[in-house]
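Here's the structure we're looking at; comments come further down.
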Amino acid sequence: MFARHRHLIRRTVAEQITRAIVFVIFCVFAFTYLYLIFWCFYSGLRDYYSIAEKPFGFSKIYFSHYIEVFTTLEASGSSFFEMILNSLYFSFLGPLLCIFITSQLAYVTSKYRFFGAGGVYFIVLIVITLPIYGTQSAMYKLLYSIGFLNSRLMLLTSLNGFSIYYMYFYAFFKNLSWSYAEAAELDGANEWQIYYKVMFPQALTMFGALFLMLWISDWNQYGTALIYLPKMPTLAVGIYQFGIDMMYNNRSDLLYAACFLSMLPPLILFIVCNNALMSNVSLGGIKE
C-alpha cells in the first residue's frame, strides 16, 4: 500500500510539472501574439524614418496618424467607413448564411434516410478532398451573366453547404441522440419545430465557433472582393491597395495604423465571444 501511495504521489508531481511547462509554453505563445498586436499599434504612432532606423525601438509618437488614416484610406472612390460597411455586410451575412444552410443540410442527411442522402456526403467529401483548379474564369462569367458582379446579391453565393463545415455538423448530428426528437414528437412538435427548438439549439456553440472562424477569414479575404466587387471594395481590399501605395510613398506608419484599425473588429468579437466559444458543452439528459 505504501509503494502504491508513493506511486500516486510521483504521478501527481509529474502532472504538476507537466502542467507548469505547458502553462509556460502557452504564456510565451500568448505573449508573442500580444506583442505583435502592440507592435503594430505602436508602429502606427511612430514616423516612417524612426521605424526604418529602429524597427523595434521607441521614438516620438503621433496620434494624428490614426486620424489621418480615416481621410487617406480609400479605394475605388469608397471612403474608410464605406469599406467598413461593405466588409460588415459581406463578412457577417455571408458566413451566417453559409453556416446556417450547412447545418440544415448536415442535419437532414444525417438524421433522415432518403435516396441521395449518402450521395450528398460523398460529394462533400470529394469537394473538400480533391483540389479543383481552373474554375475562376467560369465563375466570373457566370456571375457576370446573372448580374452579381458589383452587386450586394453576391451574398447569395454564400448559400453553399458543400464545405468542410458540413463534416463538423454531420458528425455532431450523427452522434446526437434521436430520443430528443422522439420526446418532442410526443409533445406534438413537427419536423421544423424539432430542428429549430430541440436539435439546432444544441449545436449553437459549434455554430458560433465555426461562424467566428469563417467571419474572420472573410473579413481578411481581399481576393474575392478584388475580383468580383471592384466598385464595392471591402476594408481588406482597401488595406491591400493602401499598403502598395504607402510603401511607394514611404508611409509605412500609416499602413501599420490602418492594419491595426482593421484588426480591431475581429479582435473585439473574439474577446466578447471567448467565454461562450471556449466553454464545455454538455449534451446530457438522456441515457441510451
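The values are calculated or read from the model by the stated rules, or taken from the named source; none is laboratory data. Treat the numbers as computed from the prediction; the structure is a model and nothing was measured. For neighbour counting, all protein chains shown are included, and Cβ atoms are generated from backbone atoms with ideal geometry for every residue, glycine included.
Data table
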{"read-out": "Residue within segment 84-93 that is under 30 Å from VAL198 (Cβ atoms) and in contact with a Leu (Cβ under 9 Å, 6 or more places away or on another chain) present", "value": "yes"}
{"read-out": "Long-range neighbours under 8 Å by Cβ, at least six apart or interchain, first residue within 17 Å of ILE271 (Cα to Cα) and outside the structural domain of CYS259 (by TED's automatic domain parsing) within segment 27-44, second surrounded by 10 or more Cβ atoms within 10 Å (Cβ to Cβ) and not polar (S, T, N, Q)", "value": "ILE37/PHE260; ILE37/MET263; ILE37/LEU267"}
{"read-out": "Qualifying residue in segment 263-285 (condition: buried (at least 16 other Cβ atoms within 10 Å of the Cβ), outside any helix (DSSP H, G or I) and either touching a Phe, Trp or Tyr at 6+ places or on another chain (Cβ under 7 Å) or modelled with pLDDT of 90 or more (or both))", "value": "no"}
{"read-out": "Any hit, segment 189-204, residues being among the acidic types (Asp, Glu), assigned by TED's automatic domain parsing to the domain that holds LEU176 and within 15 Å of PRO95 (Cα to Cα)", "value": "no"}
{"read-out": "Whichever residue in segment 98-144 is modelled with pLDDT of 90 or more and polar (S, T, N, Q) and, among such residues, is nearest to ILE194 (Cα to Cα)", "value": "GLN104"}
{"read-out": "Enumeration of residues in segment 45-61 that are out of contact with any helix residue (DSSP H, G or I) (no Cβ under 8 Å at 6 or more places or on another chain) and either among the polar types (S, T, N, Q) or in the same structural domain as SER252 (by TED's automatic domain parsing) (or both)", "value": "SER50"}
{"read-out": "Candidate set: segment 55-78, residues that are closer than 23 Å to LEU36 by Cβ, under 28 Å from the mean Cα position of the chain (by Cα) and of a type in the set (A, V, I, L, M); chosen: the one surrounded by the fewest Cβ atoms within 10 Å (Cβ to Cβ)", "value": "VAL69"}
{"read-out": "Boolean, MET247 is of a type in the set (A, V, I, L, M) and either at pLDDT 90 or above or surrounded by 14 or more Cβ atoms within 10 Å (Cβ to Cβ) (or both)", "value": "no"}
{"read-out": "Among residues of segment 109-124, those that are without any contact (Cβ under 8 Å) to a residue 12 or more places away in the chain and surrounded by 13 or more Cβ atoms within 10 Å (Cβ to Cβ), counted", "value": "1"}
{"read-out": "Test: residue in segment 206-214 that is among the aromatic types (Phe, Trp, Tyr), surrounded by 18 or more Cβ atoms within 10 Å (Cβ to Cβ) and over 19 Å from MET263 (Cα atoms)", "value": "yes"}
{"read-out": "Some residue of segment 234-242 being part of a helix (DSSP H, G or I), more than 14 Å from the chain's Cα centre (by Cα), surrounded by fewer than 18 Cβ atoms within 10 Å (Cβ to Cβ) and free of Cβ contacts under 8 Å to residues at least 12 places away in the same chain", "value": "no"}
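Residue by residue, here is whether (1) out of contact with any Leu (no Cβ under 6 Å at 6 or more places or on another chain); (2) more than 24 Å from TRP219 (Cβ to Cβ) holds:
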residue: SER43; (1), (2): yes, no
residue: LYS60; (1), (2): yes, yes
residue: SER64; (1), (2): yes, yes
residue: GLY77; (1), (2): yes, no
residue: LEU97; (1), (2): no, no
residue: THR129; (1), (2): yes, yes
residue: ALA138; (1), (2): yes, yes
residue: ASN160; (1), (2): yes, no
